[in-house]
1. Sticking with the crude label model, points 7 Å out along Cα→Cβ, report the distance from Arg300 to Val97 in nm, one decimal please.
2. What is the log10 of I(q)/I(0) for the range 93-221, computed with the Debye formula using one identical point scatterer on each Cα and no solvent, at q = 0.18 Å⁻¹?
3. So who's got an amide H within less than 5 Å of the one on Val250, skipping anything under 5 residues away but keeping other chains? H placed 1.01 Å off N, in plane.
4. Near Gln3, within a Cβ-to-Cβ distance under 11 Å, what is the net charge of the other residues, with Lys and Arg +1 and Asp and Glu -1?
5. Residue by residue through the range 292-309, what is 3J(HN,Hα) from phi via Karplus (6.51 cos²θ - 1.76 cosθ + 1.60, θ = phi - 60°)? Round to whole Hz and write x for glycine and proline.
6. Going by amide H atoms built from the backbone, whose H comes under 5 Å of the H on Ile182, apart from near neighbours?
7. Mind listing the Cα extents of the range 17-166 along all three principal axes, in Å, largest one first?
8. Mind listing the phi-derived Karplus ³J(HN,Hα) values for the range 97-107, rounded to whole Hz, using 6.51, -1.76 and 1.60 with θ = phi - 60°, and x for any glycine or proline?
Amino acid sequence: MPQHILVTGGAGYIGSHVVRTLLHEGYTVSVLDNLINGHRKSVASAAGFYQIDLGDVKALRSFFDTHSFDAVMHFAAFIEAGISMRKPAEFFENNCVNGFHLLNEMLRHGIKTFVFSSTAAVYGDPVDDRITEDHRLKPVNHYGRTKLMFEQLLNMYEQSYGLSSVALRYFNASGADDSGGIGEDHAPETHLIPLVLQTAVGLREYINIFGTNYDTPDGTCIRDYIHVNDLASAHVLALKKVLSDQTSDVFNLGNGKGFSVKEVIEAARTVTGKKIPVKIAARREGDPAVLVADSTKAKRVLGWKPNYRSIQSIVESAWKWHESNPHGFQD
Ligand code: UDP
């Protein structure tokens, strides 16, 4: 019998890509999503779908009473760092309290294997050029704080209840599945690559460059863009590992290569053949100059190999999605 995996937030950007990879690998998959930010259309038809809010403890309880799972992968969360600074209560409730309900329901049913969607935002301003998992944890926004708090809860639940978990700290998830059928669609969209491509498509007049006076070669921020399908393959490897050895761990997931905002825009100009006008704007609050992963541990321990290494190949795959779905899942 194939193992049955519950994916919360499986109608979201990263979750929907992971669901496809899990199905491809032969797992049975159920998706739980409240569709506040997720898209029903992004869920692969072979997966079971349940529209439940993790804050609805009664509904969650009856769901767990009537289904059984081998493991849970938890993506459901709010993700915008800027918004988190204005809405810490909502972020705490969704990213911590709702996850807490989920863990408790799992334990009530003896499910002790968990994969957690964490973030490089737990590190805050980097003190090293390339960030390893033992870099200091000092988030600079409430989004990162809620993710770190939840990682700490996982440690407590491991010590006291024997819950095994893997926390995956992503850098800048980007790109889209080669099928062209799913991709990034956030409302409001705040991420660089989709905004640049929306400008290429003509939906926006220009792209803002948030700050050109950073201490970087071209003055713009450097980030580590990692393809969403490379993230997805790492999730499946992490899942396999924690299912088999029941050992908790934490891994960075990034490309290990940084690209500046200007380099991303240049790559998009090459890929799309469009002009893509820019405007220089003020720095965005809470943006470190450089964030680049050292993902050696994921490669060594999980045997993970990212396939998309160049910014051009990542932007190309995102362009496929944005060009044919300029309005995202509404098209
Ligand atoms: N950025 C930008 N203009 C935009 C959106 C983002 O210059 O319209 C910059 C942002 O300041 C950061 C980088 O692009 O340096 C990546 O931002 P994004 O929001 O995609 O991801 P983050 O690094 O915040 O997770």
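Coordinate-derived values only; no laboratory data. All figures in this text were calculated on a predicted structure; none of them were measured in a lab. Heads up, the Cβs are rebuilt from the backbone with ideal geometry, glycines too, and the neighbour counts pull from every protein chain shown.
1. Result for the modelled spin labels: 4.1 nm.
2. Those come out to -1.14, one per q.
3. Ala167
4. Around Gln3, the charge tally is -1.
5. So the Karplus estimates, Gly and Pro as x, are 10, 7, 9, 9, 4, 5, 4, 5, 5, 7, 8, x, 7, 10, x, 8, 9, 9 Hz.
6. Those lying under 5 Å, H to H, from Ile182 are Asp177.
7. For the range 17-166, the Cα extents along the three principal axes come out at 46, 36, 32 Å.
8. Whole-Hz 3J(HN,Hα) from phi for the range 97-107: 5, 5, x, 4, 4, 4, 4, 5, 5, 4, 5.
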